[in-house]
Amino acid sequence: MNTTKFNQFLNQFSKHSLLVIDHTISLDSYVPINISDKNKDLSNFDIYSSLEWEKYINLFLEDKNAKVAFGGYLEKRNIYDRSDYFKCLAENKRRNIHLGIDFWCKEHTKVLAVLDGEIHSFKNNNNYGDYGPTIILKHYLEGEVFYTLYGHLSLSSIEKLTVGDLV
């Protein structure tokens, strides 16, 4: 199925927002955030430090009186420069475009599967700047197969999984 047809398929499937974060958090508590190369605030702290990122995100949420910050799809992000993992030295290229949507919220906030699916794979991707604990779900919808990725999870979220488990 081509991209346009698949997008039309997904748009007709869901006429309302599909929740990814704890359903008890109102959508009014969400605020967009930009961590692209256009955000000048990122030059005010050490982007190589996970603790500094945590501080920045927490202050951002507090300032906006929000519980969840979201954004990132197709953002050009210079923060990938902090990790050799995103550089392809053989071709002198680097990755700097974000290919998903990020959600920032308090630690231990429930993460929800957007749609019914099965565990395709899971792993702790522990390279510096990588996804960390990650679950990939395989979905079947009206004869189509596609995948969703959930990264930056807790280690406990991948402890008792088995490939093929239904969620």
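The values are calculated or read from the model by the stated rules, or taken from the named source; none is laboratory data. None of these values were measured; they are calculated from a predicted model. Using ideal geometry, Cβ is built from the backbone for each residue, glycine included, and neighbour counts are taken over all protein chains shown. The protein model used for the area step is the full one, side chains on, heavy atoms only, and it has no ligands, DNA or RNA in it. Shrake-Rupley method; radii C 1.70, N 1.55, O 1.52, S 1.80 Å.
A compact table of results
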{"quantity": "Residue check for LEU42: modelled with pLDDT of 85 or more, open to solvent by less than 100 Å² (accessible area, probe 1.4 Å) and either under 26 Å from THR148 (Cα atoms) or part of a loop (DSSP other than H, G, I, E, B) (or both)", "calculated": "no"}
{"quantity": "Pair list, Cβ under 8 Å, 6 or more apart: the range 1-12 residue within 14 Å of VAL145 (Cα to Cα) and of a type in the set (A, V, I, L, M, F, W, C), other residue modelled with pLDDT of 65 or more and surrounded by 10 or more Cβ atoms within 10 Å (Cβ to Cβ)", "calculated": "MET1/PHE9; MET1/GLU144; PHE6/GLU144; PHE6/PHE146; PHE9/LEU141; PHE9/GLU144"}
{"quantity": "Residues of the range 135-144 satisfying the condition of being of a type outside the set (Val, Ile, Thr) and open to solvent by less than 60 Å² (accessible area, probe 1.4 Å)", "calculated": "LEU137, LYS138, HIS139, LEU141, GLU144"}
{"quantity": "Failed criterion for ASN125 (all others in (1) more than 25 Å from LYS5 (Cβ to Cβ); (2) touching a strand residue (DSSP E or B) at 6+ places or on another chain (Cβ under 7 Å); (3) at pLDDT below 85 hold)", "calculated": "(3)"}
{"quantity": "Qualifying positions in the range 46-89 - outside any loop (DSSP other than H, G, I, E, B), open to solvent by 100 Å² or more (accessible area, probe 1.4 Å) and modelled with pLDDT under 80", "calculated": "ASP84, TYR85, LEU89"}
{"quantity": "Where LYS93 falls short, out of the listed (1) surrounded by 14 or more Cβ atoms within 10 Å (Cβ to Cβ); (2) charged (D, E, K, R); (3) modelled with pLDDT under 85", "calculated": "(1)"}
{"quantity": "Subset of the range 28-60 [within 17 Å of the chain's Cα centre (by Cα) and of a type in the set (A, V, I, L, M)]", "calculated": "VAL31, ILE33, ILE35, ILE57"}
{"quantity": "Tally, over the range 141-167, of residues that are at pLDDT 90 or above and among the aromatic types (Phe, Trp, Tyr)", "calculated": "2"}
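This table checks each residue for (1) open to solvent by less than 80 Å² (accessible area, probe 1.4 Å); (2) free of Cβ contacts under 8 Å to residues at least 60 places away in the same chain; (3) in a loop (DSSP other than H, G, I, E, B); (4) small (Gly, Ala, Ser).
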{"position": "LYS106", "(1), (2), (3), (4)": "no, yes, yes, no"}
{"position": "THR109", "(1), (2), (3), (4)": "yes, no, yes, no"}
{"position": "LEU115", "(1), (2), (3), (4)": "yes, no, yes, no"}
{"position": "PHE122", "(1), (2), (3), (4)": "yes, yes, no, no"}
{"position": "PRO133", "(1), (2), (3), (4)": "yes, yes, no, no"}
{"position": "PHE146", "(1), (2), (3), (4)": "yes, no, no, no"}
{"position": "LEU153", "(1), (2), (3), (4)": "yes, yes, yes, no"}
{"position": "LEU161", "(1), (2), (3), (4)": "yes, yes, yes, no"}
